[in-house]
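Below is one structure, written out as structure tokens; the observations come after it.
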Amino acid sequence: MQRRSRTINTGLILLLSQIVHVGINNIPPVTLAVLALNIWLFLNPVKPLYESCISVEKCYQKQDWQRLVLSPFHHADDWHLYFNMASMLWKGIKLERRLGSRWFAYIITTFSLLTGVVYLLLEFTLAEFMDEPDFRRSCAVGFSGVLFALKVLNNHYCPGGFVNVFGVPVSNRFACWAELIAIHFFSPGTSFAGHLAGILVGLMYTQGPLKRIMETCAGIFCSNTGYRGQQYYFNNSGYSGYEGHYPYGWTHYSEGAPRSYDAYTAGLSEEEQLERALRASLQDRGNPRNSPPPFGFRLSPEEMRRQRLHRFDAQ
């Protein structure tokens, strides 16, 4: 494990201050875990960047497939980390609240792997059709591809309105494509294929078969058929309720706490409830030793009948 040199990372400081400003209690658990993982691996990288980045030459030709897992969670510098994680913070809060933590974690895992696969296919295709070997050696690292996929999801769930792309208002419908071109134009060192791969993965989920495939796999590996997530609401003090999420668009059911008969009866029968009420009544009227009855205390049927009569007389 290689640790970074002890220098002032302004981007990291800004990211931490932004997380504190939002409030850790107001960040959903999966989003917070992704932020923490990326920050931890930035400070304590598993491998150097040239051994973590993803390329056709390294992954396909040299069979180093672990780069598919490592590349999304490693960043070139603190500003690379800041811009990606600041974007992840806001996208994650919106999408995890909407989709539920379990399903959002499933999406992050799938998108992280699939974006790398699509990136390799794009680079391999460009290398073959353009007869340019540099595309095979082009190595990418960072969470940007996953963020573009999440942006497609976010725009899919909020189709109306406009976003500001470098000072130009753009419809949400075309925001991803506008940002792809703008970032490549203003920052030529970024990976165009990596960002495009993220957009394609997002479209595979919103317009293609990916969502259905994920739901099918979730139904196979989960005990209950038809994956059901759990959606959390947040306020300044943290969790304030939950909502069941049905991926097929069924009606949502929302409440602050589960409505279960056992939640009120503690799973006790009617006789056991009566016995517990009588014991509490005896204690309220005064225990001669000023202490609760011993463990395993039970009233005889005759005593229970007598106490019931006393309670009726009192009424």
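The values are calculated or read from the model by the stated rules, or taken from the named source; none is laboratory data. Model, not experiment: these values are computed from the prediction. In this analysis, Cβ positions are derived from the backbone assuming ideal geometry, glycine residues included, and neighbour counts consider all displayed protein chains. The protein model used for the area step is the full one, side chains on, heavy atoms only, and it has no ligands, DNA or RNA in it. Shrake-Rupley method; radii C 1.70, N 1.55, O 1.52, S 1.80 Å.
Structure summary
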item: Ile199 being surrounded by 18 or more Cβ atoms within 10 Å (Cβ to Cβ), of a type in the set (Val, Ile, Thr), touching a helix residue (DSSP H, G or I) at 6+ places or on another chain (Cβ under 6 Å) and part of a helix (DSSP H, G or I); result: yes
item: Which listed residue is at pLDDT 95 or above and among the hydroxyl-bearing types (Ser, Thr, Tyr), from Tyr60, Tyr50, Tyr106; result: Tyr106
item: Matching residues, the stretch 43-55, being part of a loop (DSSP other than H, G, I, E, B) and surrounded by fewer than 14 Cβ atoms within 10 Å (Cβ to Cβ); result: Asn44, Pro48
item: Matching residues, the stretch 80-107, being under 9 Å from the mean Cα position of the chain (by Cα) and open to solvent by 10 Å² or more (accessible area, probe 1.4 Å); result: Ile93, Arg97, Ser101, Arg102, Ala105, Tyr106
item: Filter result (among the hydroxyl-bearing types (Ser, Thr, Tyr) and more than 23 Å from Ala76 (Cα to Cα)) within the stretch 115-161; result: Thr125, Tyr157
item: Hits in the stretch 164-177 (condition: in a helix (DSSP H, G or I) and surrounded by fewer than 16 Cβ atoms within 10 Å (Cβ to Cβ)); result: Arg173, Phe174, Trp177
item: Options Phe129, Phe111, Phe124; residue that is surrounded by 22 or more Cβ atoms within 10 Å (Cβ to Cβ) and either over 23 Å from Thr206 (Cα atoms) or not β-branched (Val, Ile, Thr) (or both); result: Phe111
item: Test: residue in the stretch 56-63 that is of a type in the set (D, E, K, R), touching a strand residue (DSSP E or B) at 6+ places or on another chain (Cβ under 9 Å) and either closer than 23 Å to Thr125 by Cα or open to solvent by 10 Å² or more (accessible area, probe 1.4 Å) (or both); result: no
item: Sole residue being touching a residue at least 40 places away in the same chain (Cβ under 8 Å), hydrophobic (A, V, I, L, M, F, W, C) and touching a Pro at 6+ places or on another chain (Cβ under 7 Å), chosen from Ala149, Ala140, Ala127, Ala105; result: Ala127
item: Odd one out for Lys211 among (1) within 17 Å of Ser87 (Cβ to Cβ); (2) surrounded by 13 or more Cβ atoms within 10 Å (Cβ to Cβ); result: (1)
item: Which numbered condition Thr31 fails, given (1) of a type in the set (Ser, Thr, Tyr); (2) open to solvent by less than 30 Å² (accessible area, probe 1.4 Å); (3) closer than 12 Å to Val141 by Cα; result: (3)
